[in-house]
Amino acid sequence: MASIALLRTCSRGTQCLLLRVQSKAGVLSHETANKIFTTSSTMGALDYFRARRGPFTPEEKRGSGHLMMASTHWKVERVVAVAMVGIMPACLFVQGPMMDHLLTTFVYLHGHWGMRGVLTDYLVKFVPWIQYLWYVISILGFAGLINFNFNDVGITKAIQMLWSI
C-alpha cells in the first residue's frame, strides 16, 4: 500500500517528489529540468498501475468472457463459506462417501477462489501466465482428492485417523 501511495504521489506532474530538481542559480533552468525529467513512457506505466474509481458499467464489472457478474460470484463464495461452518462439524458425526465429496468440494472451492483472488490482485500484472498454472494445480489437486475419496478411506475417515494418533 505504501508503494502504491508513493507511485501516486510521484506521478503528479510538477509536484512529483522523486523528480523535483533543486536548481542552482544559472546551472539548470526550470524548463530544462521539466524536459529532462518528464517522459511519456514512465507516465504511461504509472497510469497502468493506478486504480480506477467507478462508476463501472455492467460490462466492465462482468469482464470479458465471464459467465456471471462479480457480485453474483461473491454471493456464491459467501454461501460456500457459510455452508462450511455446518459441514465441518457434521463430517465428524456423519461419515460416508457423500460427506467426503461434500467436504472435499466445498473446502477445495473455498481455497481455490481465495488463492485465485490473491494471485489476481497481486501477481497477474507481473506474471500473466500464473493464473493458468494455478488452474492446472487446482485441477490436479482436486482430482487427487477425489481419487483419495474413491480408492482409499475418504477424507473424513483420514482426518479421524489422524486425530487418533
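What ranking, highest mean first, results for peptides 158-165, 134-141 when packing means the other Cβ atoms within 10 Å averaged over each residue? Could you put the intermediate results ahead of the total?
Numbers: 158-165: 10.0, 134-141: 12.8.
Ranked from most to least packed, the peptides come out as 134-141, 158-165.
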Legend entry - Surrounding net charge for LEU145, when Lys and Arg each add one and Asp and Glu each subtract one, Cβ distance under 11 Å: -2
Inset, instruction - Taking all protein chains together and a probe of 1.4 Å, list VAL153, VAL124 from the most accessible to the least accessible. - result: VAL153, VAL124
Legend entry - Neighbour cut-off at most 12 other Cβ (10 Å), DSSP loop, trypsin sites (Lys or Arg not before Pro), the range 96-165: LYS125
Inset, instruction - Could you tell me whether the range 122-165 comes out rounded, prolate or oblate from its Cα gyration tensor? Rule is a ≥ b ≥ c as square roots of the eigenvalues, rounded for a/c under 1.5, then prolate if a/b exceeds b/c, otherwise oblate. - result: oblate
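The values are calculated or read from the model by the stated rules, or taken from the named source; none is laboratory data. Just so it is clear, the structure is predicted and the values come from calculations on it, not from any experiment. For neighbour counting, all protein chains shown are included, and Cβ atoms are generated from backbone atoms with ideal geometry for every residue, glycine included. Only protein heavy atoms, including side chains, enter the accessible area calculation; ligands, DNA and RNA are left aside. Shrake-Rupley method; radii C 1.70, N 1.55, O 1.52, S 1.80 Å.
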